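Beneath this line is the structure, given in structure tokens, with notes to follow.
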Amino acid sequence: MAFLEIKTPQGNRRVELDTEPITIGRLPDNLVQITDDGLSRNHAVIESYGDGWRLRDLGSRNGTKVNGNRVSECKLSNGDVVRVGAAEIRYINPNEVTSTTPLRPTRPAAARTTRRRSTSTYPKSLPRAFKRATRNAFARSSTRPTKSPSLNTTSRSSITGA
């Protein structure tokens, strides 16, 4: 049987869900009365809907959120968290199978596959093309730069100090 776990600043409690609707609000006529200025007098209702339960906001000023999203009407699934004012209401249905598919990707943000655009105005192949062009220009040139033997006259003994 489905039930609600209600956490408020006044304390925690559990409400079993039968076939009758569960009203939520500040007034004492609500089945779930929560004394919080963030709630309307008649804030929301949880009622039987097909083979499950749904939540309906009754036109409250501050709204009702399910799993962080503001809703006016929502079919509840096992583990859903309803926020009304400072209260947190968790819908639990042990007979309902929960989804094993994660809602968000499990990869860390650094491992995402989105590629960043290069901020360079030159194509990536420019350095390679530049090297190739300069190498070909020297090959065609009749005046090739030559190594001077005077540049390589340093002996090993002068480096080591022996």
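The values are calculated or read from the model by the stated rules, or taken from the named source; none is laboratory data. On a predicted model such as this, the values are computed, not experimentally measured, just so you know. Here the Cβ is made from the backbone with ideal geometry for all residues, glycine too, and neighbour counts use every protein chain on show. Remember, those area values only see protein heavy atoms, side chains included, never the ligands or the DNA or RNA. Shrake-Rupley method; radii C 1.70, N 1.55, O 1.52, S 1.80 Å.
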> When the solvent-accessible surface of protein heavy atoms is calculated with a 1.4 angstrom probe, in what order do SER77, SER40 fall, highest first?
Replying inline: SER77, SER40
> In what sequence, largest accessible area first, do ILE92, ILE46 appear using a 1.4 Å probe?
Replying inline: ILE92, ILE46
> If you plug each phi of the range 86-92 into the Karplus form 6.51 cos²θ - 1.76 cosθ + 1.60 with θ = phi - 60°, what whole-Hz ³J(HN,Hα) values come out, in order, with x for Gly and Pro?
Replying inline: 8, 8, 10, 10, 9, 8, 10
> Tell me, what ³J(HN,Hα) does each residue in the range 41-52 have, in order and in whole Hz, if you take phi through Karplus 6.51 cos²θ - 1.76 cosθ + 1.60 with θ = phi - 60° and put x for Gly and Pro?
Replying inline: 4, 10, 8, 8, 9, 10, 9, 5, 8, x, 9, x
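Based on the alpha-carbon gyration tensor of the range 1-85 and its eigenvalue square roots a ≥ b ≥ c, which shape applies: rounded if a/c is under 1.5, prolate if not and a/b is larger than b/c, or oblate?
Working: a/c = 1.43, a/b = 1.22, b/c = 1.17.
Taking the square roots of the gyration eigenvalues as a ≥ b ≥ c, the range 1-85 is rounded.
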>> Could you check the spin-label model distance between ARG56 and GLN10? Points 7 Å from the Cα along Cα→Cβ, value in nm.
In response: 2.5 nm
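Can you give the extra length, in nm with one decimal, that the chain gains between LEU31 and GLU96 once fully stretched, where that is 0.36 nm per residue apart less the Cα-Cα distance? Write down the numbers at each step before the final one.
Values: separation 65, 0.36 × 65 = 23.40 nm, distance 2.42 nm.
Roughly 21.0 nm would be gained on extension.
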> Accessible area of VAL15, 1.4 Å probe, to the nearest 10 Å²?
Replying inline: 30 Å²
> Between GLU73 and ASP18, what is the label-to-label distance in nm when each label sits 7 Å out along the Cα-to-Cβ direction?
Replying inline: 2.6 nm
